[in-house]
Amino acid sequence: MTAPAPALRIGSAAGRGTLLAAILASGMVFLDSTVVTVALPRLGAELGATVAGLQWTVNGYLLMLAAFVLLGGALGDRFGRRRVFLVGVVWFAVASVLCGLAQGTGWLIAARFLQGAGGALLTPGSLSVLQASFDPDDRARAIGTWSGLSGVSTALGPLLGGWLIDTLSWRWIFFVNLPLAVGVVLAAMRWVPESRDEAASRTGAGRRFDVAGALLGALGLGGVTYALIDAPARAGSPAVLVAAVLGVLGAVVFVLVERRRGDAAMLPTGLFGSRLFSVLNVFTVVVYAALGGFTFFLAVYLQNVVGWSALLTGLATVPMTLLLLVGSARAGALAARIGPRLPLTVGPVVAAAGLLLLRRVGPGASYWTDVLPGVVLFGAGLTLVVAPLTASVLAAVADRFAGVASGFNNAASRAGGLLAVAALPLLVGLSGTGYEQKTALADAFRGAMLWCAGLLLAGAVLAGLLIHRPAPTAPGGQPGPPRRRTGGDRERC
């Protein structure tokens, strides 16, 4: 059972303080994830980083989040959600300061790994404290407020980051996390009530507390990522081959261990008995790989080839975020009426068209006529995807697995971005300091946009052929009875 926590009301001082802590914490993480790509050209030039160094600056953080975010949620359930949330906030802040003080690429990458570990504790905690603390009548409103204001921080992040980079230094995109973290800690200590899963705390057999699974997942992702990033410079070397083998073995053993642990696993493999759940997560990896590759290349390209400032580069992606903020609820409502297949098929096609338009962008490009149309199309396509995808993932499994299904889908999205940032430079022939050479970077950017558009179109085909409206949920949280299939009806709506 879950330890009773005060049922906070959103109009009370404690309710507002708890919301403030959750929003500031999420804003800190979202801000960091959006501004680091904008800073890549500046920090790369100052630290003398290669393309591999820039890749690891992004991927070190993503790797830790993807591998340990489910474990972070389970730690909160067992040891106290507020406690683990506060540990994550302090950890993230200290790692952010280390990032800002970095004197070399290796230092920065190590600090980014630490930052990702802190984020894995913090990210699930910011939502779980709201879920556990608020009165059921106010819970939806509290989560909606948290989601909306956290989204605003995502939209403002590139602008604030670009201004900090141009006015002060790239280091300040990390230092700005320190005052935010202080605010979170003070608010949480004053207002956030503690809660935990008491059954897990007493028995030690808590929900999905699976360290072995998390470590094996990290080994699988890390090994493959290392091999892809180092292949351009050291193809065929023992280190690359060993990393690739360890990555594949880690992934295989991860599946075997999770299957053996059953419902006690971090990722119960029985979830994949739902073909829809499996297909939706493959779709997630494909679409978010395109998003990750797009954002990585666009920020570097606009500054090093087009010649824009960091602030203008940050401004370039704001319309995409605004479209997501304004349109996601409408897209979710549309999918609820007509089913997810059409939005998840049309959305990637529209986004792919935006990427193909952006291939025309070159030196001296106009923001309004050259960049904005492609970004708007990409954002509109993504808006059609995000809310229907999330709702479909949750509807594809029994209610009791909603938390782990959502967490795994979140990890799948981060893994998609991680693998894209690792693989795309290899696929388009960008390595060493090629990102500082306009001709090499321009060719690589155009090739990367083709690959990302291809991924999106593959996602559209996958959705059109295999994604259907989830079966209705029966009372008690179990999936409804399966539909009888006919020869021409194979789980399609």
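The values are calculated or read from the model by the stated rules, or taken from the named source; none is laboratory data. Nothing here was measured: the structure is a model prediction, and the numbers come from that model. We place every Cβ from the backbone using ideal geometry, glycine too, and count neighbours over all the protein chains shown. Just the protein is used for accessible areas: all its heavy atoms, side chains included, with ligands, DNA and RNA removed. Shrake-Rupley method; radii C 1.70, N 1.55, O 1.52, S 1.80 Å.
A few remarks follow.
- When PHE254, PHE283, PHE277, PHE272 are screened for being among the aromatic types (Phe, Trp, Tyr), surrounded by fewer than 20 Cβ atoms within 10 Å (Cβ to Cβ), over 26 Å from GLY434 (Cβ atoms) and touching a helix residue (DSSP H, G or I) at 6+ places or on another chain (Cβ under 8 Å), only PHE272 passes.
- Options ALA458, ALA422, ALA463, ALA405; residue that is open to solvent by less than 10 Å² (accessible area, probe 1.4 Å) and modelled with pLDDT of 95 or more: ALA463
- Conditions (1) touching a residue at least 60 places away in the same chain (Cβ under 8 Å); (2) under 30 Å from LEU424 (Cα atoms): number failed by THR57: (1)
- Taking first residues from region 449-465 that are within 24 Å of ARG360 (Cα to Cα) and in contact (Cβ under 8 Å) with a residue 60 or more places away in the chain and partners that are open to solvent by 10 Å² or more (accessible area, probe 1.4 Å) and basic (Lys, Arg), the Cβ contacts under 7 Å between residues at least 6 apart in sequence or on separate chains come to MET449/ARG359.
- Residues within region 238-258 that are small (Gly, Ala, Ser) and within 24 Å of PHE272 (Cβ to Cβ), tallied: 3
- Residues within region 290-302 that are of a type in the set (A, V, I, L, M) and open to solvent by 10 Å² or more (accessible area, probe 1.4 Å), tallied: 1
- Filtered by the rule that a residue be open to solvent by less than 30 Å² (accessible area, probe 1.4 Å) and free of Cβ contacts under 8 Å to residues at least 12 places away in the same chain, region 257-269 gives a lone residue, GLY262.
- Selection from region 264-278 of residues that are in a loop (DSSP other than H, G, I, E, B) and not hydroxyl-bearing (Ser, Thr, Tyr): ALA265, MET266, LEU267, PRO268
- Any hit, region 68-82, residues being at pLDDT 90 or above and either assigned to a helix (DSSP H, G or I) or farther than 22 Å from VAL176 by Cα (or both): yes
- Residue that is under 20 Å from the mean Cα position of the chain (by Cα), modelled with pLDDT under 95 and of a type in the set (Phe, Trp, Tyr), where the choices are PHE283, PHE296, PHE272: PHE296
- Only listed residue being aliphatic (A, V, I, L, M), in a loop (DSSP other than H, G, I, E, B) and out of contact with any Leu (no Cβ under 8 Å at 6 or more places or on another chain), chosen from VAL306, VAL248, VAL252, VAL242: VAL306
- In the set (1) in contact with a Gly (Cβ under 9 Å, 6 or more places away or on another chain); (2) open to solvent by 20 Å² or more (accessible area, probe 1.4 Å), the condition left unmet by TRP107 is number (1).
- Exclusive hit being of a type in the set (Asp, Glu), modelled with pLDDT under 90 and on the phi < 0 side of the Ramachandran plot, set ASP370, ASP399: ASP399
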